[in-house]
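Every number in this text was worked out from the coordinates using simple rules, so none of it is lab data. It should be emphasised that the depicted structure is a prediction, and the values quoted were computed from it without experimental measurement. Cβ: placed from backbone, ideal geometry, glycine included. Neighbour counts: every protein chain shown.
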Amino acid sequence: MPQFFASCPKGLVEPLESELKSLGLHPYDRSQNGVFFESNWEGCYKVNLYSRFASRILMPVLNFPAYQPEELYNNIRKHDFTKYIDVHQTLKVDASTKDSMIKDQRFIAMKVKDAIVDQFREKTGERPNVENDRPDLTVYVKVYKNNFSVAIDTSGDSLFMRGYRLEAGEAPLKENLAAGLLQLSGWDMKTPLVDPMCGSGTILIEAMMMVLKIAPGSLRKRFGFMNLKNFNRPAWDDIVDEAISAEVETTDLHFYGYDMDRRVLDKAIENAKRAGVNEFIQFKKGNVTTLVAPVEKGLIITNPPYGARLGDEDNLRDVYRDFSHTLKNQFKGWDAWILSGNKDLIGDLKLKSSRKHFVYNGSIECRFLRYEIR
């Protein structure tokens, strides 16, 4: 049975592993960046469609040590890449390297590409073209301490790109991280959510997609596995039909998003429309200094700006202080989960967290903190 690797943001490995099990798959190992699992190809299709937390689904094909270019070339030739695409399709090699004899990732990518196209040339007399923008086949090569890990991409665009967010704010939260925060918070999918600094609305949109059982990949038209020779269109169509039939059309649950920037809110509204959840999310222009609880009891989950992305940290200190004042006076009895990549700013809340998760927002190590407002 084929083996696959589902990558994810650091901090979301446990939610991802649980998700894979819920999809009927068999995780057998994990790293800080993802989970290995066994599955047939239909299972690979299913994870690409359903996973809320994964970034990309890869199929590892080679693992070997190499210190010289010739060793790299010869080891790549040991695997038959001609079984994935035909000669008239395109390919791309994406390489990264650390602490290795071969230090230039561009050279590694070129050498791997040469080995692959030489396979095609010997077999067919022709070679596939290299295409950096949406190739038919992407080969990922990761090198660490002279050990090469080579994998075939099955996702195409990263899975956080659901297809609904064409517009975002200045510092957008990736969709799969937003879904992961919801999972880490222990939200029960029954409690109203409030995001006082909602930006492009990602947290609330992801939450409502969960409530309505909308598969995250259902808005996408393209996945990498669709370009492979073994793509089973009827099996894929059955999986998509099953996902659509499981969707829920309506709910009594409503969410509330606020932001100071009207232009960003307009983008959030359009994003929610594309996701099919706009009628269940109320977006309003609002400032944390004047915010009032829209319902008697709910849960706050938010990703406020923390300086590293949006500029001047000093200008944000008052925002955090005002936010704290509003929480204490307008949201008594609520819980608030706040993502922070700046310990100094989060200290301005003058609140004590009761739970903590470490996650990465891109390259920024963040704390996801729970505050019980009493």
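Points worth noting:
- One chain, two ends: Asp118 and Glu365. Fully extended at 0.36 nm per residue, the span grows by 84.7 nm beyond their Cα-Cα distance.
- Karplus-derived HN-Hα couplings along the stretch 202-218 (A = 6.51, B = -1.76, C = 1.60, θ = phi - 60°), whole Hz, x at Gly and Pro: 4, 4, 5, 5, 4, 5, 6, 5, 5, 4, 8, 6, 8, 4, x, x, 5
- Along the stretch 357-374 the Karplus relation, 6.51 cos²θ - 1.76 cosθ + 1.60 evaluated at θ = phi - 60°, assigns HN-Hα couplings of 10, 9, 9, 10, 9, x, 9, 8, 6, 10, 10, 10, 10, 9, 10, 9, 7, 10 Hz to successive residues, with x for each Gly and Pro.
- Based on C-alpha pairs under 8 angstrom that are at least 6 apart in sequence, the chain has a relative contact order of 15 percent.
- In the structure shown, the pairs Lys273/Lys350; Lys10/Lys343; Lys142/Lys273; Lys21/Lys145; Lys46/Lys229; Lys10/Lys98 are assessed against 27 Å; a Cα-Cα span above that value is assigned to Lys273/Lys350; Lys142/Lys273; Lys21/Lys145.
- Where labels lie 7 Å past Cα in the beta-carbon direction, separation of Val292 and Val248 in nm: 3.0 nm
- Length released on extending from Val240 to Leu23, taking residue separation times 0.36 nm less the Cα-Cα span: 76.7 nm
- Using R0 = 25 Å, the C-beta based FRET efficiency linking Arg321 and Met189 works out to 0.20.
- DSSP beta bridges fully contained in the chain are about 65 percent antiparallel.
- Highest mean packing first, where packing is the average number of other Cβ atoms within 10 Å per residue, the peptides 59-66, 126-133 line up as 59-66, 126-133.
- Extension reserve of the Lys328-Phe64 stretch, reckoned as 0.36 nm per residue once the Cα distance is removed: 89.4 nm
- Computed from backbone phi with θ = phi - 60° and the Karplus coefficients 6.51, -1.76 and 1.60, the 3J(HN,Hα) list for the stretch 44-51 is 4, 4, 5, 5, 4, 7, 9, 5 Hz; x is used for glycine and proline.
- Rounded FRET efficiency, nearest 0.05, which uses the C-beta distance separating Asn33 from Asp86 and R0 of 56 Å: 0.95
- In terms of packing, defined here as the mean over residues of other Cβ atoms within 10 angstrom, the peptides 43-56, 243-256, 8-21 line up highest first as 43-56, 8-21, 243-256.
- Inter-probe distance in nm under a simple model that places probes 7 Å from Cα toward Cβ, at Phe107 and Glu42: 4.7 nm
- Dipole moment magnitude, nearest 20 debye, the chain about Cα centre, only Lys, Arg, Asp, Glu C-beta charged: 600 debye
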